[in-house]
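These notes are about the structure you will find just below.
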Amino acid sequence: MNYFEFYELPVSFILDAQEVKRKFLERSKKYHPDFFVNEEAQQQSEMLELSTFNTRAYHALSDFDRRMQYILEMKNQVSEGERYELSPDFLMEMMDINEGLMELKAQHDSAKIETLRKQVRGLFDDLYQEVSSIVEAYREEVSTESDLKKIKDYYYRKKYLLRIQQSLDTFAAHS
Amino acid sequence: MAYSEKVLEHYEHPKNVGTLDKSKTNVGTGLVGAPECGDVMRLQIEVDPATQTIIDAKFKTFGCGSAIASASLATEWLKGRSLDDAATLDNMDIVEEPSCLL
């Protein structure tokens with residue numbers, strides 16, 4: 001059983017956060033080991049397993065990026081050790097930004113950090129614009145393999161931006 | 001498996017970090033990404049056109065220790081090699097380098 005089935009939700013990149021939380025809380029109650037202390041050992045361990053499954057499901061589905069990763073894994077689009085190649089243009093751009101970051105690390109410059117921050121925000125938006133319609137309209141039975149491939153490319157490119165953003169946040173924290 | 005001293009040395013004091021002038025016609029630039037961790041590496045070589053030999057090699061990466069160490073090692077190795085010789089280098093050579101178990 002996958003996490004979407006467990007929560008009786010359609011496989012979708014876009015979920016209502018409140019609803020996911022509600023499903024999690026319902027199942028937390030339903031499978032809570034405290035309610036089964038007088039049951040047989042086998043049932044106790046089953047409930048414990050379901051509780052753990054529930055925690056994992058909530059972790060995976062409650063966040064947009066993790067949910068995207070989960071769906072892509074479910075659909076065998078991403079796997080560990082796969083050497084996925086992004087376009088050279090994109091890598092070049094990321095190289096340039098990372099080099100800019102290195103310079104900022106050596107010499108702190110608030111104005112430059114702010115410029116970079118804006119640039120990265122713009123890139124996040126542009127990136128999502130490219131796939132937003134595919135992501136939002138995704139339906140398991142309707143969407144194609146090529147749709148998933150585009151989302152996969154987005155997923156990997158976003159990782160670069162997230163990492164850059166993380167560095168920028170670290171700078172901000174130290175300034 | 002623990003990292004060997006040689007790998008640690010390349011990680012702590014990487015050699016050949018930097019940039020070659022890519023506007024030069026005898027400088028070649030390669031870029032490769034590691035999308036799982038949002039990392040990118042650039043490796044450049046400068047070739048002597050007369051002898052078809054690599055006279056300089058530089059790299060830059062923002063990645064993890066093993067990426068830094070193996071790139072540092074690779075650039076060391078590339079320098080002074082002929083292009084034909086260098087073309088035979090593959091990642092297993094780095095892994096199998098004596099006393100360099102990554």
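Of all residues in the stretch B:1-27, which are under 13 Å from the mean Cα position of the chain (by Cα) and either in a strand (DSSP E or B) or without any contact (Cβ under 8 Å) to a residue 24 or more places away in the chain (or both)? Residue satisfying the conditions is B:Val17 alone.
Return the residues of the stretch A:131-148 that are of a type outside the set (Gly, Ala, Ser) and surrounded by 14 or more Cβ atoms within 10 Å (Cβ to Cβ); say none if nothing qualifies. Hits for the stretch A:131-148 are A:Val131, A:Ile134, A:Val135, A:Tyr138, A:Asp147, A:Leu148. Of all residues in the stretch B:46-59, those that are in contact with a Lys or Arg (Cβ under 8 Å, 6 or more places away or on another chain) and hydrophobic (A, V, I, L, M, F, W, C) total 4.
Among the candidates A:Leu104, A:Leu123, the residue that is assigned by TED's automatic domain parsing to the domain that holds A:Leu161, touching a residue at least 60 places away in the same chain (Cβ under 8 Å) and touching a helix residue (DSSP H, G or I) at 6+ places or on another chain (Cβ under 8 Å) is uniquely A:Leu104.
Does A:Tyr58 qualify as being among the aromatic types (Phe, Trp, Tyr), under 26 Å from A:Tyr138 (Cβ atoms), surrounded by 14 or more Cβ atoms within 10 Å (Cβ to Cβ) and not assigned by TED's automatic domain parsing to the domain that holds A:Glu140? Here the answer is yes, as A:Tyr58 does meet what is asked. Within the option set A:Asp147, A:Asp153, A:Asp169, being farther than 27 Å from A:Leu9 by Cα and in a helix (DSSP H, G or I) holds for one residue only, A:Asp169.
Scanning the stretch A:126-156 for residues that are under 30 Å from A:Glu114 (Cβ atoms) and either touching a Gly at 6+ places or on another chain (Cβ under 6 Å) or within 14 Å of chain B (Cβ to nearest Cβ) (or both) yields A:Leu127, A:Asp153, A:Tyr154, A:Tyr155, A:Tyr156.
Cβ separations smaller than 7 Å between residues 6+ apart or across chains give the following pairs from the stretch A:157-175 residues that are at the interface with chain B (Cβ under 8 Å from one of its Cβ atoms) and closer than 24 Å to A:Asp126 by Cα to residues that are surrounded by 19 or more Cβ atoms within 10 Å (Cβ to Cβ) and among the small types (Gly, Ala, Ser): A:Lys159/B:Gly38; A:Tyr160/B:Gly38; A:Leu162/B:Gly38; A:Arg163/B:Gly38. Only residues that are in a loop (DSSP other than H, G, I, E, B) and of a type in the set (A, V, I, L, M, F, W, C) were counted across the stretch A:1-51, and they come to 7. Just a yes or no: is a residue in the stretch B:11-22 within 9 Å of chain A (Cβ to nearest Cβ) and surrounded by fewer than 20 Cβ atoms within 10 Å (Cβ to Cβ)? Looking for residues that are within 9 Å of chain A (Cβ to nearest Cβ) and surrounded by fewer than 20 Cβ atoms within 10 Å (Cβ to Cβ), one finds at least one in the stretch B:11-22, hence yes.
The values are calculated or read from the model by the stated rules, or taken from the named source; none is laboratory data. Note that this is a predicted model, so its numbers are computed, not measured. Every residue, glycine as well, gets a Cβ built from its backbone with ideal geometry; the counts of neighbours run over all protein chains shown.
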